[in-house]
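The structure under discussion appears below in the form of structure tokens.
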Amino acid sequence: MKAIKISLLALTLGLMSFSVVPSHKNPIEKVTPPSAVVWKAEAIEVGQIPQGTPRTIEFEFKNTSDKSVIITNVKPACGCTTSDYSKEPIAPGKSGFVKAIYNAAALGSFTKTVTVTTNVEETPKVLTFKGTVVAKS
């Protein structure tokens, strides 16, 4: 009987030592740095476009960083869209642009994208425009 009591006591003490968990928590906060390029709009609704009438969609941005922003690449998602953009470095506090020129050849609704890469952000920005191409009256 004495052996059982000692075994139970040892088991209880053993379990108690494992149940002691430090109560301090040290959460790691993920801090997202502010974007160096702030877009006026990342998606633009262009409405109706007459078929065969190219439409220029302009996306404006502001450089909110402390160094010049250089657009290193602008890539439309399809051959129906061409692009233009600010070629010179955009100084801190100044604004720049990316233009998408959509040819509006095919009738119907559309959603198109243009991917913009800069020297100050790791992830390229995908800009979107959408609307409907209608038959000319």
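Where a number appears in this text, it was derived from the coordinates with a stated rule and is not lab data. Model, not experiment: these values are computed from the prediction. Neighbour counts run over all protein chains shown; Cβ positions are idealised from the backbone, glycine included.
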So if I check each of F97, F61, which one is in contact with an Asp or Glu (Cβ under 7 Å, 6 or more places away or on another chain) and under 21 Å from A36 (Cβ atoms)? F97
Among residues of the range 102-116, those that are farther than 11 Å from V133 by Cα and buried (at least 16 other Cβ atoms within 10 Å of the Cβ), counted: 4
So which residues in the range 60-106 are within 20 Å of the chain's Cα centre (by Cα), of a type in the set (S, T, Y) and not in a loop (DSSP other than H, G, I, E, B)? T72, S83, Y85, S95
Failed condition for K136, given (1) touching an Asp or Glu at 6+ places or on another chain (Cβ under 9 Å); (2) among the basic types (K, R); (3) part of a loop (DSSP other than H, G, I, E, B), with all others met? (1)
Qualifying residue in the range 86-101 (condition: basic (K, R) and free of Cβ contacts under 8 Å to residues at least 12 places away in the same chain): no
From the options K75, K112, K94, K87, residue that is within 17 Å of E45 (Cα to Cα) and not small (G, A, S): K112
Looking only at the range 84-98, which residues are surrounded by fewer than 16 Cβ atoms within 10 Å (Cβ to Cβ) and of a type outside the set (F, W, Y)? D84, K87, E88, P89, A91, P92, G93, K94, S95
